[in-house]
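The values are calculated or read from the model by the stated rules, or taken from the named source; none is laboratory data. All values reported here derive from a predicted model rather than from experimental measurement. Every residue, glycine among them, receives a Cβ derived from its backbone with ideal geometry; neighbour counts consider all protein chains shown. All accessible areas refer to the heavy atoms of the entire protein, side chains included, with ligands and DNA or RNA removed. Shrake-Rupley method; radii C 1.70, N 1.55, O 1.52, S 1.80 Å.
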Amino acid sequence: MTATLLTPALRFPNPRRADAEGLVAVGGDLSVARLLLAYRSGIFPWSVNPLTWWSPDPRGVLELDAFHLSRSLARTLRQGRFTISFDRAFRPVMEACAAPAPGRRDTWISPEFLEAYTELHRQGHAHSVECWLGPKLVGGVYGVAVGGLFAGESMFHQVSDASKVALFHLTERLREQHFELFDLQMLTPITRQLGGSELVRDQYLARLATAVARPCGWAGGSI
């Protein structure tokens, strides 16, 4: 199919009509209202010029009881090298996720995304987990919460295991707050190693409908 060209109206086409690569629509904006509608609909943005909206099939998820804690990661956690905080440095986490890194020359996290998701954070819909080594931010992950859905967006590390430690604590936080669905969008080698799996689109959308209807809180602070 040809991707739907969005109008100013606040609506998306059915994600089941996505093309073979998962493209649903083109256009629109990155307003808070449109972003929240997208996540509730099983859709997320991925580029700015043009602005594209996606719903891949299959969909990567991390079941909250399936996080794979390797012996080496468990040892890192026991050592207590890192301090973990929540929502203490949302924009710095995003900026670090967008920064050049070995094997990555560019990023989809454009200035437009930085501004849009920072506004989502200001309004209480986007959250971050930070991993600190002393005073230095060395790892983190951020994403969007809608009801009982948490949509993970990106993570980074500057010290070995820092992003994995942040993801572990994010998963624990989601379990504690009774979230139902941790969306990874698409699996990477790291998230697969940590227990990520895939759902076909129809399964994901059925799970999503239940998750977004469930009221869940998000507590900030440090551990």
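Under 6 Å between Cβ atoms, at least 6 apart or on separate chains: pull out the pairs that start in segment 45-60 with a residue that is more than 20 Å from Pro111 (Cα to Cα) and acidic (Asp, Glu) and end on any residue that is open to solvent by 10 Å² or more (accessible area, probe 1.4 Å) and at pLDDT 95 or above.
From residues that are more than 20 Å from Pro111 (Cα to Cα) and acidic (Asp, Glu), the pairs are Asp57/Arg201.
When you look at Arg34, is it surrounded by 16 or more Cβ atoms within 10 Å (Cβ to Cβ), modelled with pLDDT of 95 or more, of a type in the set (D, E, K, R) and out of contact with any helix residue (DSSP H, G or I) (no Cβ under 7 Å at 6 or more places or on another chain), yes or no?
Yes, satisfied.
Determine the pairs where a residue that is under 13 Å from Trp132 (Cα atoms) and of a type in the set (Lys, Arg), located within segment 151-178, has a partner that is open to solvent by 20 Å² or more (accessible area, probe 1.4 Å) and part of a helix (DSSP H, G or I) with Cβ atoms under 8 Å apart, the partner being 6 or more residues away or on another chain.
Note: pairs meeting the criteria are Lys164/Ile190.
Report yes if Thr52 is surrounded by 18 or more Cβ atoms within 10 Å (Cβ to Cβ) and touching a strand residue (DSSP E or B) at 6+ places or on another chain (Cβ under 7 Å), otherwise no.
Spelling it out, Thr52 is indeed surrounded by 18 or more Cβ atoms within 10 Å (Cβ to Cβ) and touching a strand residue (DSSP E or B) at 6+ places or on another chain (Cβ under 7 Å).
For segment 138-189, give me each residue that is of a type in the set (S, T, N, Q), surrounded by fewer than 23 Cβ atoms within 10 Å (Cβ to Cβ) and in contact with a Phe, Trp or Tyr (Cβ under 8 Å, 6 or more places away or on another chain).
Across segment 138-189, the qualifying residues are Ser154, Gln177, Gln185.
Mind checking whether some residue in segment 86-107 is among the charged types (D, E, K, R) and in a helix (DSSP H, G or I)?
yes
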